[in-house]
Amino acid sequence: MPSILNASLQVIKHRLIMAFMCFGIPLLAQETPVEIKGKATDFHLKAPNAKEVTLRGQWTKEPIVLTRDPQGTWNSTVLTVPPGVWEYSFVVDGLSISDPKNPALKPMREPTVSILHIPGTPPNPWDFQAVPHGTVHQHTYLSKVLGRERTLCVYTPPGYEADKERIYPLLVLQHGSGDNEQTWIAHGKAHWILDNLIAANKARPMVIMMIDGHPMGSVPRDSLADKKVMAMEAFQRELLEDATPIVETLYRVEREPKNRAIAGLSMGGGQSLSVGISNLNRFSWIGAFSAAPPESNRVDPIIADATAMNGKISLLWIAVGKEDFLREKNETFVAQLNKAGIKHEWLLTEGGHSWPVWRQYLTEFLPKLFLKTQP
């Protein structure tokens, strides 16, 4: 076994079938959020001393007012929740909190959001379906770059454990600001999306790696440029010097850039563009979902040489919603690519800066990956 595991990293491997342990919640409960097949959903919160309680749900723009019964429980029945994976929170006298009766929490740096999952009929790509399922693994390691304990997550596709000879392409999949390495699984349902696509012969089996994209803690959008640059450099170093060697040691993954992809949403989309374009000797497939475009000093010199970049990149896929606050920045970046003659795919869709949009983007992006390397 390579010394990277015997010495400083001390990797702890957990094989957690289709589940994560998030914030001490039992595995099955965390990965199986409230699932209601009808459209009527009851919400209750015991808060006898509260003066006002409302519900904020991702399926509606308007807050839902709850009423208090004589026992101090606030109640509401919502009749129009459509199928989907939705975020919701209670607002108690101005304080936003998660639902204490729902163990399904969205993994976040400051968790205040619960998950309501209503399956569709027929099932949506992110719904659990009766198909072969992969495995989700969690690793705790000592980052040499950051000098502290960190966590990464890995998805292996159905059949990975049975076929000991097969080697798989690798996708690095990154979350957005405020979330963490578990969010694409617990809330984004990336593992179920890929399971379902593989079962339908719409995507290649692949390994997915997800790391915490906050190596320096939260860096607000209005932070000084120097701090943003430092955070990006720390993320890239941890990804390439810590996380990737762990995955390469423990998993059967391809090493060539033509079999490596990096993608993410919002902050993670910006990280994917920045790291991917700057490391075309490592990644040939890049996806940016509602991305915060990278600093120009990182990518401008590379984009300037269109012949070299186009010769190395297999896919540069950029998507954003019409109501997204990052739409204009994405359009500016795409115009820059067009002017430079960089090949790419650009998708402007309905929707804003939210997870329902990003699940759909992942569903559309995964079938495009590694097609030119199909054996």
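The values are calculated or read from the model by the stated rules, or taken from the named source; none is laboratory data. Remember, predicted model here, so these are calculated numbers, not experimental data. Because the Cβ atoms are built from the backbone with ideal geometry, glycine has one as well, and the counts that use them run over all protein chains shown.
Annotation for the range 221-244: no member residue is at pLDDT 95 or above, touching a strand residue (DSSP E or B) at 6+ places or on another chain (Cβ under 9 Å), on the phi > 0 side of the Ramachandran plot and basic (Lys, Arg).
For the range 74-100, which residues satisfy the criterion of being closer than 18 Å to LYS46 by Cα, in a loop (DSSP other than H, G, I, E, B), in contact (Cβ under 8 Å) with a residue 40 or more places away in the chain and in contact with a Leu (Cβ under 8 Å, 6 or more places away or on another chain)? Within the range 74-100, ASP99, PRO100 meet the criteria.
For the range 242-288: of the residues being of a type in the set (A, V, I, L, M, F, W, C) and part of a loop (DSSP other than H, G, I, E, B), which is surrounded by the fewest Cβ atoms within 10 Å (Cβ to Cβ)? Ranking the candidates gives LEU280 first.
Checking the structure you have, find out if any residue of the range 303-324 is within 19 Å of the chain's Cα centre (by Cα), more than 28 Å from ARG204 (Cβ to Cβ) and at pLDDT 95 or above. Yes, that holds for at least one residue. Among the residues of the range 202-218, are any touching a helix residue (DSSP H, G or I) at 6+ places or on another chain (Cβ under 7 Å) and without any contact (Cβ under 8 Å) to a residue 24 or more places away in the chain? Yes. Taking the range 107-166 as the range and being at pLDDT 95 or above and of a type in the set (S, T, N, Q) as the test, the residues that pass are SER114, ASN124, GLN129, THR135, GLN138, THR140, SER143, THR151, THR156. Of all the criteria given as (1) in contact with a Ser or Thr (Cβ under 9 Å, 6 or more places away or on another chain); (2) closer than 23 Å to LEU142 by Cβ; (3) surrounded by fewer than 22 Cβ atoms within 10 Å (Cβ to Cβ); (4) modelled with pLDDT under 95, the one not satisfied by GLY217 is (1).
Between PRO26, PRO33, PRO82, PRO48, the distinction of being of a type outside the set (D, E, K, R) and at pLDDT 95 or above belongs to PRO48 only.
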